[in-house]
């Protein structure tokens with residue numbers, strides 16, 4: 001990793017989790033452009049440095065959000081991203097995750113490791129009690145990642161989020177500190193609903 005980038009928030013065997021910065025624009029947008037076929041129609045990360053600046057500023061400046069980058073430990077190359085959105089403290093202590101792998105890293109287990117690091121960071125230093133993931137039913141890779149990370153399916157929300165020009169149905173998945181501490185206690189989620 002370059003000296004001007006922040007140090008890691010967490011490190012695993014193959015990935016490092018660190019905060020997103022404005023200095024990540026060139027590599028992030030290049031990886032996003034390479035990954036358009038993988039991401040469409042589920043995700044639309046910024047493809048140009050000017051749109052990245054707005055995206056990054058939103059994540060950096062809003063205290064209810066955290067923009068995190070997944071970097072390959074060996075090379076420092078960006079493998080993906082995980083954003084913690086809609087962070088609410090107080091009695092709720094919850095955040096909603098959004099994530100994406102970049103094409104060169106997809107299918108290699110890097111995001112599974114990264115999501116585990118994000119969960120530990122959110123339930124540790126951030127002090128959250130619950131994390132939620134909302135996934136379109138056809139996004140099988142994202143659903144599989146949520147399942148592997150120990151999230152349970154809690155329901156189905158029709159017309160839940162505005163994505164790619166339309167209101168899209170989403171499955172709702174969640175993980176609490178109790179479930180993370182005792183994965184055997186988490187109920188097995190049905191495949192569809």
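The values are calculated or read from the model by the stated rules, or taken from the named source; none is laboratory data. Only a predicted model underlies this, so the values are computations on that prediction, with no experimental measurement involved. In this analysis, Cβ positions are derived from the backbone assuming ideal geometry, glycine residues included, and neighbour counts consider all displayed protein chains.
Computed quantities for the displayed model
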{"item": "Cβ pairs under 6 Å, 6+ apart, first in the range 59-72 and within 9 Å of residue 86 (Cα to Cα), second modelled with pLDDT of 95 or more", "result": "64/87; 65/59; 65/85"}
{"item": "Filtered residue count, the range 155-167, keeping only those that are touching a residue at least 12 places away in the same chain (Cβ under 8 Å) and either over 19 Å from the mean Cα position of the chain (by Cα) or within 28 Å of residue 123 (Cβ to Cβ) (or both)", "result": "6"}
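Let's see how each residue does on (1) more than 23 Å from residue 121 (Cβ to Cβ); (2) surrounded by fewer than 14 Cβ atoms within 10 Å (Cβ to Cβ); (3) in contact with a helix residue (DSSP H, G or I) (Cβ under 9 Å, 6 or more places away or on another chain); (4) at pLDDT 95 or above:
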| residue | (1), (2), (3), (4) |
| --- | --- |
| 9 | no, no, yes, no |
| 45 | no, no, yes, yes |
| 54 | yes, yes, no, yes |
| 69 | no, no, yes, yes |
